[in-house]
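*Asks:* What follows is a single structure, and I will ask about it in a moment.
Rule-based calculations on the coordinates, nothing more; no lab input. Remember, predicted model here, so these are calculated numbers, not experimental data. Every residue, glycine as well, gets a Cβ built from its backbone with ideal geometry; the counts of neighbours run over all protein chains shown.
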Amino acid sequence: MTKKLLAILLSVLMVLALFAGCTTGGQSSSAAEPSSSSSSSKTEDSKSESSKDESSEPEPEEPVTITMMSLGFTFWQDDFYNTIYETPIWDQVYEATGVDWQFVGLDGEQSQIHIASNELGDIVQIIGSAADLDTLYTNEQIIPLNDLVEQYAPHIKNDFPGRWAWCCNAVAQEPGTAYTLAVDAGDNNYNTYSTRYVYTVRWDLYKELGYPEITDLNSYLDVAEDMWKLQPKTADGKNVYAFSFPGSSILGLDQDFLGTFGYMDRLGGYVLERYTDNSICYAFTDDDSPLWMALEFYNKVYRRGMLDPDCFTQTDDDYKSKVTTGEVMFYNMYQDTFLSFGQNMLDNDADSLAVLVSVPVPGAYAYQGGSGNGWGLAFCDSITSSCERPDMAMKLIGYLFSEEGSRLGWSGAKGVDWDYNDAGEPVFTDEFYAKAADPEAGPPYTAVTCMANWVGITSGQLLSDGGYTSLRAGNDYLARQPMLPGYKDFCEYFNVVYPCEALKKAVEDGTMAGDIDMTLGLSLPAASEDIARIEEGIVNYFTENFPDAVTAPDDAAFAAIKANMIAKMLDLGAETAKQYWVDGWAKAIEDAK
Amino acid sequence: MKQKRTAGDIVFDTANIIFMLLFCLLCIYPFYYIFVYSFSNPQKADFAVLWPVQPTLENYRTVLNLDGFARASLNSVLRTVIGTTLTVLVSAFFGYLMTKQEMYGRKFIYRLAVFSQYVGAGLIPTYLVMRAYGFYNTFLVYIIPGLISVYFVMLIKTYIESIPPSLEESAKLDGAGIFQCWWSVILPLSIPILATVAVFQSVAHWNAWFDTHIYITDERLWTLQYLLQRFLNTKKEEEMLRRLSGLATNQLRVTPTSKSLKLAVTAVVTIPILFVYPFLQRYFVKGLMLGAVKG
Amino acid sequence: MRSTNPQTQSRGRRKKLNPERLKLTLLALPFLLFTIAFSYVPLFGWGLAFTNYRPGLRFDKLEFVGLKYFLLIGTYWERILNALRNTLVLALISLALFGLPILFAILLNEIRRPFAKKFIQTVVTLPNFVSWVIVYAICFGLFSSNGLLNMVLGELGLITQPTQLMANKNIAWTFMTVLGLWKGLGWSSIIYLAAIAGIDGTLYEAAYVDGANRFHCMWYITVPELMPTALVLFLLQIGNILSVGFEQYLLFANSLTASKLTVIDLLTYNIGLMSQDYSFATAISILRSIVSILLMSIANGMAKRIRGESLI
């Protein structure tokens, strides 16, 4: 009996296996998703579709497919990137360039494999990895771009000469030849709600206290404690802690302090640039480093009993979750999170003014939207040696780097999402606002900012038509944004259109610093093997020992632990590492001239 | 089998059952947790403790409505059923062969197999080799590489060695060849261990996603686990943010997946495979040898 | 135990190839080739440990660097020793608790009612299907400062300060072991249940006739019958001593517990994360394979001496 059963099972399975074999062969897929398929089939498409005997000035009737592969991003596979192919934005790219633009995102492991098997599509986008750039160059998988830029996209050279200089020097082995083009050059605008800024308050409690003055970290601490005392428990009886951080990474410790005290993060949260003189600060061992500032602050918080005990163990997600429910009072990292918090408070009490907001403090820095300098290794496009139509690839990149393309990327399609009003100013259309307000509409109307990492000009740059690249930076848009009552109240008090404008105004008045030169495009070289090793050791040591500093019982103990830790890290090679970065930085400044 | 139940027996049985049931409660708890969160409203999920907050089906609707869901499910089922059956048969036969001490070089072959479990070549060499074998973007990559699992072979071999040799010898006397011996005598007798292997292997197939990740770019071949895996990658997000810190992470957009959606995904991908073990439990049956020894 | 002594088959001076035995070898050949093709052929990649390979670099662009990366391992000796200590402690605890799944399977088997038995058998395997990520989330939900445990203890007035179980390095090993048991006990008992199912029923009958009670049966019949399977699994676990786990420790190791929970796999990962060191990771992998195989051979040798028969 068992034998028969097995025999039948086997034969059924053989049939199924045949079926499975056939289904991989021809058949159309269930959804017409153009966003898949290996690049080799795509290149074959473009081969068959582009004719070889075209003239040297191509304007083909058939669309040429250019596949762009991103080495390291898989967020791109989100819904947004699957639906964008059907939007006017895509259509506009095709109309302007004749290119059918396909995007493929690869994660770390997939990137390695694609490099190893030389399947990199037509354009490869390097994300934050000098090692990748070096590998691609050594493998001869990317081509020099100087001639192509000259011929098809000269504005890349002319509009932002600093960026062009950087691009030409990006590959150390061949200075003067550009192998990759960095996106996002230009000014940054302020966010609507300030992030990465230490002086955050709970607006309802701050108001209750009578808007006490904050002048520095110590006075902030007192005010924070007063606010915390007003609400020591949440609605469902859980303890509220004033401060917390996601102990799983150093970035979680000093992000707020970087921006507020005049430092820009250059690597990992520990190689920093001082705004004042563009010099390098090595956070682990420099006395004035915001990292130690942060630890000292959290130590004081701990001693007053206001620090969340989970800070050393929790992940970023746990931290955000606590902010949303109100278990942690002060937070300033991601907009989504503190907006969720505000919404939750509103759901409980329709008159609630409980929101988290940044207040201007004299002497502090106002952190602008981006982290500052637009280009560098963050997102760089290179054309692969296996690209059949480098001219079309360069046309595509050129378009994305132009004012028109950048405006498209940041603000949507002209005539659909935005247009010129009677005064000749570029503004969003009513259709755009309607879609933005509709929760079912989905991307790209509400998520256009994702294009940031593909276009050449950054969001806050003033274009030749008088509007910003991203029309979301304009007051026209900002004034129409729905705001939680708490934020409205804040704006009334400070007489501004959107919360962050309070900081912007303070910068314009001169009470706060923040007028940072964004046109300097610099980036650090890649860490050499030895430096990477030294730093891994330092990071590891720091991660395991910083809790001691945070839980020190008094000032003297803290100072002693700090001295001890710094000495130990110097032992591990911190001085050598710092010198490496200082030298690299000096060279970058030289090259940019 | 007549036997009186002593007082000791009753005490033991009661204690046993109580202990087991308590342990069961502990074991069910994670699924309760998943239930609470996956049915919660995503915006309010952080508030959930013992019961879903603002219960809703929207998370499950999102998951089930994903593009390619039906196809991916089919691929997963096919992979699990075909892959498991073939692995069981192949491993069983190999295990049987390995019990034959008289084979020339048996020790060598067996040891080579056993040690293969402890050597790993690394991502890129493995990938290049598999490509060279022609497994890129084919359904076969799900089936062939997993055909021989040495772990199972070892279990099966050990099990077969506990079968009295007299049974096989009597088949041999009747003129059966090696294959026939295996098929009619050994195989039926090793049903319990084969069922075990089937349980393990089907779970492994169902849960596998890394091979899809590396070898398959054709969406039509995606498995369900892979389709849904993208929602669950928390460590990758942290790594990415770390990689980009200090660079112009201007408008880095991460669409955070809510906890409730993540757990709904987990539920959808876990619950089907839970039925395999109960289904195969009937094969964990005693007494198959009862008649055989006497005969 | 079955065994056929090959020596008795061919006596005499002339060694003739026995066709029966050869046939068996030929039958096994495809399987051998399969194993070689999929497990050993990719090992050419081990050669990369002797070069300055970076992921994706073309092979003709490689430079030979000799033992550089192996010697580099030495520079991490402090952290490696610590990781080794952690790994071995956790592995040895696990080996010591090796008998638990067996005990569990036997207890399960003793349940009378078939429905209850099947139900419990299934339910206890459930934690195996829950990924470590979820286990971590559950633990955080239960044990964090505002978690269930602290809320309850606080309500009952038993504590003033919240407990921090996940930040406590002194109980870290215990905590990890308990979690591991909860997650894996039911699942690993499946094999033993299958083995028990295969035990000859007449053995029990005979025992009852001789007046044995169920405990005698368990000890004198069931356990010995399970020995072969248990030994093979034990041997395999010895071979795996250095691989106590990765994901579990990646999630639970934080600033406060890292010194106790960083195991070899996690250490390799941490180092590799910052330095992107493919060659280094490969070098470590080679060493681990050598250690595993060595350990297995030694254990097998010991088993041979004790039982008179080799396990592999």
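*Asks:* Residues of B:41-47, mean number of Cβ from any other protein chain within 10 Å of their own Cβ, rounded to a whole number?
*Replies:* Going residue by residue through B:41-47 and averaging, the value is 5.
*Asks:* Which ³J(HN,Hα) values, rounded to whole Hz and listed in residue order, are derived for region C:158-169 from phi using the Karplus coefficients 6.51, -1.76 and 1.60 in 6.51 cos²θ - 1.76 cosθ + 1.60 with θ = phi - 60°, glycine and proline given as x?
*Replies:* 7, 9, 9, 9, x, 6, 10, 4, 7, 10, 9, 6
*Asks:* Right, next: Just to confirm the filter: which chymotrypsin sites (Phe, Trp or Tyr not before Pro) across region B:117-195 are DSSP coil and have at most 11 other Cβ within 10 angstrom of their Cβ?
*Replies:* none
*Asks:* Peptide C:138-147: average number of partner chain Cβ atoms within 10 Å per residue?
*Replies:* Mean inter-chain Cβ contacts per residue within 10 Å come to 6.
*Asks:* Can you pull the mean other chain C-beta count within 10 Å for peptide C:51-62?
*Replies:* Across the residues of C:51-62, the mean count of other-chain Cβ atoms within 10 Å is 6.
*Asks:* Here's another thing I want to ask about it. Order of B:89-102, A:468-481, C:89-102 by packing, highest average Cβ count within 10 Å first?
*Replies:* My ranking of the peptides, most packed first, is B:89-102, A:468-481, C:89-102.
*Asks:* Amide H to amide H under 5 Å from A:PHE103: which residues, 5+ apart in sequence or cross-chain, H placed 1.01 Å off N in plane?
*Replies:* Hits under the 5 Å cutoff: A:MET68.
*Asks:* Further, regarding this structure: Can you list, bin by bin at 10 Å, the percent of alpha carbon pairs in region B:10-65, starting at 0?
*Replies:* Cα pair-distance distribution for region B:10-65, in percent: 23, 33, 20, 15, 9, 0.
*Asks:* Then there's this: For the ranges A:556-566, B:37-47, what's the packing order if you count other beta-carbon atoms within 10 Å of each residue, average per peptide, and put the highest first?
*Replies:* Per-residue mean Cβ counts within 10 Å order the peptides as B:37-47, A:556-566.
*Asks:* From the backbone phi of region B:146-153, what are the Karplus-calculated ³J(HN,Hα) couplings (6.51 cos²θ - 1.76 cosθ + 1.60, θ = phi - 60°) in whole Hz, Gly and Pro given as x?
*Replies:* With coefficients 6.51, -1.76 and 1.60, one gets x, 4, 10, 10, 4, 4, 5, 4 Hz.
*Asks:* Note the direction-averaged projected area, equal to a quarter of the hull surface, for the Cα convex hull of region A:459-593, in nm².
*Replies:* Average of the hull's projected areas for region A:459-593 equals 14.1 nm².
*Asks:* Sticking with this structure for a sec: Is the C-alpha gyration tensor of chain B telling us rounded, prolate or oblate? Criteria: a/c under 1.5 is rounded; beyond that, a/b larger than b/c is prolate, otherwise oblate.
*Replies:* The shape class here is oblate.
*Asks:* First check a/c for region B:1-156, with a ≥ b ≥ c the square roots of the eigenvalues of its C-alpha gyration tensor; if it is under 1.5, answer rounded, and if not, answer prolate when a/b is larger than b/c or oblate otherwise.
*Replies:* Oblate, since a/c reaches 1.5 and b/c is not below a/b.
*Asks:* While we're here: Specify which residue in the list A:LEU396, B:SER162, C:THR174 is farthest towards the positive end of the charge dipole of the protein assembly as shown, using unit charges on the beta carbon of Lys, Arg (+1) and Asp, Glu (-1), about the Cα centre.
*Replies:* About the Cα centre, the residue reaching furthest to the positive side is B:SER162.
*Asks:* Another question, if that's okay. Taking the mean number of other Cβ atoms within 10 Å as a proxy for protection, how do you rank A:132-139, C:205-212, B:20-27 from highest to lowest?
*Replies:* The packing order, highest mean first, is A:132-139, B:20-27, C:205-212.
*Asks:* On the principal axes of its Cα set, how long, how wide and how thick is chain C? Give whole Å, largest value first.
*Replies:* Result, largest extent first: 78, 68, 31 Å.
*Asks:* Could you give the DSSP H helices of chain C that reach 18 angstrom or more along their long axis (alpha carbon positions) and whose average Kyte-Doolittle hydropathy is no lower than -0.5?
*Replies:* C:19-35, C:77-96, C:172-197, C:223-239, C:278-307
*Asks:* For helix B:191-207, report the angle its Cα long axis makes with the longest principal axis of the Cα atoms of chain B; keep it between 0 and 90° and round to the nearest 10°.
*Replies:* Tilt of helix B:191-207: around 20 degrees.
*Asks:* Related question: Find the relative contact order for region C:127-218 and round it to a whole percent, using C-alpha pairs within less than 8 Å whose residues are 6+ positions apart.
*Replies:* Reported relative contact order: 23 percent.
*Asks:* Moving to a separate point now. Determine the dipole magnitude for the protein assembly as shown: charges of +1 sit on the beta-carbon of Lys and Arg, -1 on that of Asp and Glu, nothing else is charged, the reference point is the Cα centre, and the result goes in debye to the nearest 20.
*Replies:* Dipole of the protein assembly as shown, to the nearest 20 debye: 8940 debye.
*Asks:* Still on this structure: From the C-alpha gyration tensor of the protein assembly as shown, pull out the three semi-axes of the equivalent ellipsoid (sqrt of 5λ each), sorted largest to smallest, in whole Å.
*Replies:* Output for the protein assembly as shown: semi-axes of 56, 37, 29 Å.
*Asks:* Let me ask another. Take the eigenvalues of the Cα gyration tensor for region B:68-224, scale each by 5, and report the square roots as semi-axes in whole Å, largest first.
*Replies:* For region B:68-224, the ellipsoid semi-axes come out as 33, 19, 12 Å.
*Asks:* In Å and whole numbers, how far do the C-alpha atoms of region C:105-197 stretch along each principal axis, longest first?
*Replies:* Dimensions of region C:105-197 along the principal axes of its Cα atoms: 52, 26, 21 Å.
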